[in-house]
Amino acid sequence: MIAPVKEAEAPATRDFARSKRDSLRIGRLPIHFFATAAIFFACGVVATPFFVSQIVDFFYQPPILALVHTFTLGWITASIMGVMYRYVPALTRHPISYPRVAMWQLALFIIGTIGIISHFANGIWVGTWFSAAILIVSVAMFAANMFPCLYPRLGRGVAETGMFLSTCLLLVAASIGFVLSLDKTYNFLGGDVLTNLASHVHFAAIGWVTLTICAVSYRMLPAFLLPKIQVPRSATWQLLALAIATIALGVTLLIGLRGAIFWSFAIAAALLAYIITMGRLVRSRRMPIDFTARHALAGIAWLVLAIVFGLILAIIGPQGIEGSRIAPAYGAMGLLGWISNFIIGMSYQLFPGFAARARVAAGWRAVTISELSVKTPRWLVFIAYNAGVALLTAGFALSSILLAQVGAVAIAIGGIAYSATTLWTLSFAYRKAVPKAALNPMRVLPS
Ligand code: HEM
């Protein structure tokens, strides 16, 4: 009599064990992405001072492409993918369809990113396009996990619509990157090298990264600042306008049509609408301004400056002496000022919570978000980092190596302090040990 019961229970037990393993895998997945991002960020900020004089010379050179992708892929894209793996299933109430594919996706992403950075650094284009192909496979696997969650909410949820579009544009950006690098070996593309480059840059930096940040912040910023989430009605239109203008600008640049300046102004208008909406939300806040909001506000200030510099660049072009000074200043404002400030601020709210949840999923002793947060160096990070970005961009715009060098060192100081404390927080998702604060007998226990 006992045997059939055991036989009936065995598959159920196996299923339970498998689903527990899957939930642990998914719980840890964003942490793997964040740890990867923090390591690439540390590498990028340490390397920047050594590249400054080359950038002041001319921004478009293979070693600079390596540095740029340490930030854009290693730091920015890894952080955003990590957030989306946690945020999208929670928001859409639709589990990730292929949890095991997600682990392979991460592995391919790391291999492709290290590959593209090292081949850029050595100027080996065959290795660059091979790595770009690996990245396209990784991005397609990411999309295969995101689309089943996001597609049913297309047009109904603001954040979901924005993230669906931005994931599509990441695929486009990666494919253009692949074609541009293939062209260096086979020389089949027409048009101007810098104009083709600008098409990839806009699909990636605006279509993928900025669109995702806008979409996520429409939901997240009210959640951090207001007692109740109120997503403004205009938000979906702003996201659609930004996506359409970015696609139009990218295509215009790629196939050499007229109208790049018009589409640049359309992007600026869509971003201005976003800034005004965010300004309204911050003014009506009930919560105090913390470091998340401080970094978000600094990011928005950098976005305003990046829009101004972007429009000047659209009018004068990057080819002349003035343009070649403004282009790296514009890039630094966008990637280090706007995007990175946003990620740093958001990480203070999200990363300790994700690590705490991963511990619970592993069945380890629970700790609170505040026990996992290192708050003391946040002023240093905020001031050194932003002062550094200001000096770096001024140095690029004025062609002053000294100014840019001092800025890069300040960025490195803030960036290393940030990466070290972030990795300390994330490490508790991988080890049973608890932080010292959790050993206090008077501590308030997490519920
Ligand atoms: C997704 C995979 C990606 C691939 C395969 C890729 C590939 C490339 C390639 C091959 C170039 C050089 C093109 C040329 O010399 O003509 C390039 C340049 C550039 N990419 Fe990417 N990229 C990717 C993602 C990104 C992302 C996500 C961003 C921004 C957020 C970005 C920003 C840039 C910038 C700013 C440059 C120009 C840098 C300079 O001139 O110094 N890329 N990319």
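Rounded to the nearest 10 degrees, the angle from helix 125-150 to the longest Cα principal axis of the chain is 50 degrees.
In percent, rounded to a whole number, the relative contact order of segment 351-406 is 21, using alpha-carbon pairs under 8 Å and six or more apart.
Between GLN230 and TYR430, residue separation times 0.36 nm minus the direct Cα-Cα distance comes to 68.4 nm. Towards the positive end of the charge dipole of segment 215-312, with charges on Cβ (+1 Lys, Arg; -1 Asp, Glu), say which of ILE267, LEU311, MET287 has the farthest Cα. Of ILE267, LEU311, MET287, it is MET287. Remark: relative contact order (the chain) = 17 percent; criterion is Cα-Cα distance under 8 angstrom and separation of 6 or more residues.
The lysine pair tally for the chain, using Cα distances under 29 Å and a gap of 8 or more places or different chains, is 6.
When +1 charges are put on Lys and Arg Cβ atoms and -1 charges on Asp and Glu Cβ atoms, the dipole computed for the chain relative to its Cα centre reaches about 1800 debye.
With both labels modelled 7 Å from their Cα along Cα-to-Cβ, the SER370 to ILE383 distance reads 2.5 nm. A simple rule links phi to the HN-Hα coupling: the Karplus curve 6.51 cos²θ - 1.76 cosθ + 1.60 with θ = phi - 60°, which for segment 253-270 gives 5, 5, 9, x, 7, 7, x, 4, 5, 4, 5, 5, 5, 5, 4, 4, 5, 5 Hz, with x for Gly and Pro.
Over every Cα atom in segment 220-311, the radius of gyration and the widest Cα-Cα span, Dmax, amount to 15.5, 49 Å.
Site-free segments of the chain were taken between trypsin sites (Lys or Arg not before Pro) in DSSP loops having at most 14 other Cβ atoms within 10 Å, sites themselves excluded; the longest one is 1-92. Nearest 0.05, what FRET efficiency do THR13 and VAL46 give at R0 = 60 Å with Cβ-Cβ as r? Computed FRET efficiency for THR13 and VAL46: 0.75.
Rolling a 1.4 Å probe across the protein heavy atoms gives the chain an accessible surface of 44 Å² per residue. Per-atom-type breakdown for segment 260-375 gives carbon and sulfur 68% of the accessible area (1.4 Å probe, protein chains only).
When GLU160, GLU322 are compared by accessible surface with a 1.4 Å probe, the order from highest to lowest is GLU322, GLU160.
Set the Cα radius of gyration of the chain against 2.2 N^0.38 Å, with N its number of residues, and you get 1.00. The distance between label points at VAL101 and SER118 comes to 2.8 nm (points 7 Å beyond Cα on the Cα→Cβ vector). Computed in the context of the full set of protein chains, the accessible area of segment 32-176 at 1.4 Å probe radius has 73% of its extent on carbon or sulfur. Seen against the Cα atoms of the chain and their longest principal axis, helix 2-57 is set at about 30 degrees.
The values are calculated or read from the model by the stated rules, or taken from the named source; none is laboratory data. If you're wondering where the values come from, they're calculated on a predicted model, not measured in any experiment. Heads up, the Cβs are rebuilt from the backbone with ideal geometry, glycines too, and the neighbour counts pull from every protein chain shown. The area values use the complete protein model at the heavy-atom level, side chains included, leaving out ligands, DNA and RNA. Shrake-Rupley method; radii C 1.70, N 1.55, O 1.52, S 1.80 Å.
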